[in-house]
1. Largest first and in whole Å, what are the equivalent-ellipsoid semi-axes of the stretch 146-305 based on the Cα gyration tensor, each being the root of 5 times an eigenvalue?
2. Considering only protein heavy atoms and a probe of 1.4 Å, how much of the accessible area of the stretch 130-257 is carbon and sulfur, as a whole percent?
3. Which sequence of His258, His251 reflects their accessible areas, 1.4 Å probe, from the largest down?
4. Ordering Ile243, Ile83 from largest to smallest accessible area (1.4 angstrom probe), what's the sequence?
5. With 23 Å as the limit, write out which pairs from Lys136/Lys207; Lys78/Lys254; Lys59/Lys245; Lys78/Lys121; Lys34/Lys136 have Cα-Cα distances beyond it, or answer none.
6. By how many degrees, 0 to 90 and rounded to 10, does the Cα axis of helix 240-250 deviate from the longest principal axis of the chain?
7. Given the C-alpha centroids of the stretch 150-178 and the stretch 305-329, what is the distance between them in whole angstrom?
8. So for the stretch 247-360, what are the equivalent ellipsoid semi-axes in whole Å, largest first, each being the square root of 5 times an eigenvalue of the Cα gyration tensor?
Amino acid sequence: MGGKKKKRESKNGLTYAEAGVDIDAGNALVDKIKPLVRQTRRPGADSEIGGFGGLFDLKAAGFADPVLVAANDGVGTKLRVAIESGRHDTVGVDLVAMCVNDLVVQGAEPLFFLDYFATGKLDPDQGAAIVSGIVKGCKLAGCALIGGETAEMPGMYRDGDYDLAGFAVGAAERGQLLPTDDVVEGDVLLGLASSGVHSNGFSLVRKIVQLSGLKWSDPAPFADDATLAEALLEPTRIYVKSILKAIRGTHGVKALAHITGGGFPDNIPRVIPKDFAAELDLSSIDVPPVFSWLAATGGVREEEMMRTFNCGVGMVAVVSGGQAAQVAAILQEAGETVTPIGRIVPRRDAGVIYRGTIAL
């Protein structure tokens, strides 16, 4: 049979937005965050974001013969607490803290920071809230936010989900890096108080919350006037400015350990010679209520708590015995809560030796 065949209709003009990526939303986010980013300018960094790369002038920052130190990190599954509770303005502080605290333990001054923000569908208001936290963290650390990347990736993340990564670069004058090579028996361990759980162990935290039957919006059993989400989202403390004051003002700081994943037994031995151990007096540690609640609610053993969480000590400084009081005084004057928690002893077996009992 004859007759005309019907032509198949085709749709032309498919756009990137129809594939799930909205370039206009990305541009809107940049416009929202430009005034925030300007707040992080410092000597060495004064250009606007938006170029293909961020610039930093080491000479303008005051360095003569610097060694660069770099670190990168993320926030881990603490992000799930932020996503599920709808509170996004604090995790940016965590992102900066986890990077810059790793720089300062090597004696380096953080200079600049870059972030990577990936999401399934870009919400400019959510993105701006996240960047506001990054800006706050950079200001606390004294470093400039000189660039970043926002990636909208439909199919990789569910709507509302996102991930963060941070990259920090710092510098120290040649010959002034930590740890030093003169750690000796009898050196004092100073513990700097944490602000809470910081950004480690949240897969276990979330499991314990699930066992408790509590919702993120319920009152926190361990904190007054805060929901469970608000209390657990307390940002990681940034120790940079206080520690740099102690390093430069005393020359008595020999080593520093950032107490992150792995707790005391994994982190302190990283910064002391292999023939020495850290002897900790656990009874001297002032444990915040959140850790007692986690241990009791989850039935978590003491050893597991100390290897998963900071248990109230976010940073440990190794200082010469004769300068311990001076170092502690400078740190306290700068706003830290400082407690002598142990000393350096000859190593026999483990890199960390426990004395007494931690008050969980």
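The values are calculated or read from the model by the stated rules, or taken from the named source; none is laboratory data. None of these values were measured; they are calculated from a predicted model. As a convention, Cβ positions derive from the backbone with ideal geometry for all residues, glycine included, and neighbour counts pool all protein chains shown. Note: accessible area is taken over every heavy atom of the protein model, side chains too, but ligands, DNA and RNA are not part of it. Shrake-Rupley method; radii C 1.70, N 1.55, O 1.52, S 1.80 Å.
1. After diagonalising the Cα gyration tensor, the semi-axes are 33, 24, 15 Å.
2. Working: 2770 of 5570 Å².
After summing per-atom areas, the C and S share lands at 50 percent.
3. On the way: His258 10, His251 155 Å².
From most exposed to least exposed: His251, His258.
4. Descending accessible area places them as Ile83, Ile243.
5. Numbers: Lys136/Lys207 30 Å; Lys78/Lys254 32 Å; Lys59/Lys245 21 Å; Lys78/Lys121 20 Å; Lys34/Lys136 14 Å.
Violating the 23 Å limit, Cα to Cα: Lys136/Lys207; Lys78/Lys254.
6. Tilt relative to the chain: about 30 degrees.
7. Each part reduced to its Cα centre gives a spacing of 27 Å.
8. 24, 18, 11
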